[in-house]
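Data block below; observations after.
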Amino acid sequence: MSAATLKVAVLASGRGSNLAALLAARERGELPVDFVLVGSDKASAPALALAEAAGVPTMALDPRAYPDRRHFDLALFDRIAASGADVLVLAGFMRILDGEALTPWVGRVINIHPSLLPKYRGLHTHRRALAAGDREHGASVHFVTAELDGGPLIAQARIAVQPDDDEDTLARRLLPLEHRLLPTVLALLASRRLAWVDDAPQLDGQPLRTPLALGEHGLRLP
Ligand code: GRF
């Protein structure tokens, strides 16, 4: 008997190109999930319009309508739970999540971050990689814990830094890889090959201790 189709909620604050990649992968039949909700902290986020166009229910919650982060995040997770989502994907959600609100969801939330974590948690990752003189840069997908960009890694995509790169060229070359990385990881969750067991990620029943690497033919153990 096959497992039930994974129900997925997505949070995005901005343009939503990673969300678009998820919706496109679903459309091509490469990502067998149900998108049950797309939420944002910004009512004007283009990501919400993309979701609407794809027929996915949307919500916008304004942080300014809540007394503090904890109340906002508790309301946010209430709405996500009410959507029936099994899994939450942070696809450019530009807020730090409150630990108490997140705790019941640990192991069910993944995030995409534009650096080779644990390098460059937080903002301005391309600028920081260039300033450090890194020869390699990339993007990571990880399980979300209360530590900012600090949860267990699932998979990474790498690019070589060119001598004439600036922030824009790096971001532009990395983005198409992000757009392959995130749907591929979500497909692993959908197939139940990737799971959260005893507070840690497992792949095919084995502890996942090193992040998978995105290659030409998809994800592989490095
Ligand atoms: C991406 O670079 C993602 O890695 C980061 O925020 C950006 C979101 O871009 N977390 P988009 O809204 O998906 O186009």
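The values are calculated or read from the model by the stated rules, or taken from the named source; none is laboratory data. Given the structure is predicted, the values throughout are model-derived calculations rather than measurements. With ideal geometry, Cβ positions are generated from the backbone for all residues, glycine too; neighbour counts draw on all protein chains shown. Quick note on the areas: whole protein, heavy atoms, side chains included, nothing else; ligands and nucleic acids left out. Shrake-Rupley method; radii C 1.70, N 1.55, O 1.52, S 1.80 Å.
Brief remarks on what is shown
- Residue in segment 136-143 that is without any contact (Cβ under 8 Å) to a residue 60 or more places away in the chain, within 14 Å of the chain's Cα centre (by Cα) and more than 14 Å from the ligand (Cβ to nearest atom) present: yes
- Residue within segment 69-80 that is within 16 Å of the ligand (Cβ to nearest atom), over 24 Å from Asp34 (Cα atoms) and part of a helix (DSSP H, G or I) present: no
- Residue check, Pro183 part of a helix (DSSP H, G or I), closer than 22 Å to Val33 by Cα and touching a residue at least 60 places away in the same chain (Cβ under 8 Å): yes
- Residue match in segment 204-213 (condition: more than 16 Å from the ligand (Cβ to nearest atom), closer than 17 Å to Ile110 by Cβ and in a helix (DSSP H, G or I)): no
Residue-wise test of (1) within 16 Å of His126 (Cα to Cα); (2) open to solvent by less than 10 Å² (accessible area, probe 1.4 Å).
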residue	(1), (2)
Ala146	no, no
Gly150	no, no
Leu153	no, no
Ile159	yes, no
Arg173	yes, no
Leu181	no, yes
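- Among the residues of segment 24-55, those identified as among the aliphatic types (A, V, I, L, M), free of Cβ contacts under 8 Å to residues at least 40 places away in the same chain and either open to solvent by less than 20 Å² (accessible area, probe 1.4 Å) or closer than 24 Å to Leu97 by Cα (or both) are Val38, Ala43, Ala45, Leu48, Ala49, Leu50.
- Any chance Thr169 is within 16 Å of the ligand (Cβ to nearest atom), of a type in the set (S, T, N, Q), outside any loop (DSSP other than H, G, I, E, B) and over 19 Å from Leu117 (Cα atoms): yes
- For segment 15-59, the set of residues classified as under 16 Å from Met94 (Cα atoms) and of a type in the set (Lys, Arg) consists of Arg15, Lys42, listed by residue number.
- Residue ID - farthest from the ligand (Cβ to nearest atom), chosen from residues in segment 82-91 that are among the small types (Gly, Ala, Ser) and either closer than 13 Å to Gly39 by Cα or buried (at least 18 other Cβ atoms within 10 Å of the Cβ) (or both): Ala82
- Taking the criterion of being open to solvent by 30 Å² or more (accessible area, probe 1.4 Å) and more than 7 Å from the ligand (Cβ to nearest atom), the residues of segment 5-19 that qualify are Thr5, Lys7.
- Residue match in segment 112-126 (condition: touching a strand residue (DSSP E or B) at 6+ places or on another chain (Cβ under 7 Å), within 22 Å of Ala60 (Cβ to Cβ) and either within 16 Å of the ligand (Cβ to nearest atom) or open to solvent by less than 40 Å² (accessible area, probe 1.4 Å) (or both)): yes
- Any hit, segment 92-106, residues being part of a loop (DSSP other than H, G, I, E, B), of a type in the set (Gly, Ala, Ser), surrounded by 15 or more Cβ atoms within 10 Å (Cβ to Cβ) and more than 16 Å from the ligand (Cβ to nearest atom): no
- All of (1) within 16 Å of the ligand (Cβ to nearest atom); (2) in contact (Cβ under 8 Å) with a residue 24 or more places away in the chain; (3) in contact with a helix residue (DSSP H, G or I) (Cβ under 9 Å, 6 or more places away or on another chain) hold for Ala60 with one exception: (2).
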